[in-house]
1. Which of the residues belonging to segment 83-111 are within 17 Å of THR143 (Cα to Cα), more than 15 Å from the chain's Cα centre (by Cα) and not in a strand (DSSP E or B)?
2. Only residues that are surrounded by fewer than 21 Cβ atoms within 10 Å (Cβ to Cβ) and of a type in the set (Asp, Glu): list them for segment 87-125, please.
3. Pull out all pairs, ordered by first then second residue, where Cβ-Cβ is under 7 Å, the residues are six or more apart or on different chains, the first lies in segment 25-39 and is on the phi > 0 side of the Ramachandran plot, and the second is modelled with pLDDT of 95 or more and of a type in the set (Ser, Thr, Tyr).
4. I'm checking my understanding of the structure. Among residues of segment 148-200 that are among the charged types (D, E, K, R) and free of Cβ contacts under 8 Å to residues at least 24 places away in the same chain, which one is nearest to GLY32 (Cα to Cα)?
5. Might you check whether a residue that is outside any strand (DSSP E or B), over 16 Å from the mean Cα position of the chain (by Cα) and hydroxyl-bearing (Ser, Thr, Tyr) occurs anywhere in segment 133-150?
6. Being part of a strand (DSSP E or B) and more than 17 Å from VAL179 (Cα to Cα), is that true of even one residue in segment 65-82?
7. Taking the stated definitions as given, is VAL157 under 13 Å from ARG107 (Cα atoms) and either in contact with a Pro (Cβ under 7 Å, 6 or more places away or on another chain) or modelled with pLDDT of 95 or more (or both)?
8. Please verify whether VAL120 is of a type in the set (A, V, I, L, M, F, W, C), within 27 Å of VAL29 (Cβ to Cβ) and in contact with a Gly (Cβ under 9 Å, 6 or more places away or on another chain), treating the condition exactly as stated.
Amino acid sequence: MRSWVLLGGMVGLMLLAGCGAPAPARYAVDFGEGAPGWSLPQDPRFQARAEDGRLILTLKPARTVAWIFSPFTLREGQVEVEGTLLEGPSSADYGLVLGAGRGRLYRFAVSADGHYGIFVYEQGAWRTRVDWTSHEGVRTGRTTNRLQVRCERSEMVFWINGIEVARIPRDPREEGGRVGVSVGTAATGEAQVGFARFLAVRDR
């Protein structure tokens, strides 16, 4: 497994919403008119902007993972996004993040060299649920991959381009949280990734 510096925690985990009206059960954004509700970082190491119908994340340090959250939360439901490597080596990765309570999140990512992995961040460290695995369903290079995660009460299901690639058990008592997107670098940074067609639907 790759080892990462935690940069996303400095950005993603600080994006806490204030109290307000109940959120709708469905959230869709194509980034054609910006990224409303997303707090876009402007750190020299990690930047995000909405441009030409994409949410573009740029990450500079090597062996680092960073993410940002949407304003939408779910515990049971489904989230999906289309991602494309725009710049950087094929070892760069990108994907979805799903909050699972205070200080805990799931990360589902693919790399441009044809691998995917599933990881959990908790108690200040990453834990591997599915280590980096080669899969023919991952489109390589600077092509678009569609990632989907289905969250059930006691299970999570993962798809790449409509192909189911993994199922993992889930604690029925686990909390939900915000959902968003991530970018990661391996031994060689920097990477730039574009995301489009972000959709999340909450069951309850």
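The values are calculated or read from the model by the stated rules, or taken from the named source; none is laboratory data. All values reported here derive from a predicted model rather than from experimental measurement. Please note: Cβ atoms are built from the backbone with ideal geometry, for glycine as well, and neighbour counts cover all protein chains shown.
1. GLY88, PRO89, SER90, SER91
2. Within segment 87-125, GLU87, ASP113, GLU122 qualify.
3. As it stands, the answer is GLY37/SER70, since those pairs meet every condition given.
4. So, considering only residues that are among the charged types (D, E, K, R) and free of Cβ contacts under 8 Å to residues at least 24 places away in the same chain, the one nearest to GLY32 (Cα to Cα) is GLU164.
5. Yes, there is a match, as at least one residue in segment 133-150 is outside any strand (DSSP E or B), over 16 Å from the mean Cα position of the chain (by Cα) and hydroxyl-bearing (Ser, Thr, Tyr).
6. No, the conditions are met nowhere in segment 65-82.
7. yes
8. It is false that VAL120 is of a type in the set (A, V, I, L, M, F, W, C), within 27 Å of VAL29 (Cβ to Cβ) and in contact with a Gly (Cβ under 9 Å, 6 or more places away or on another chain).
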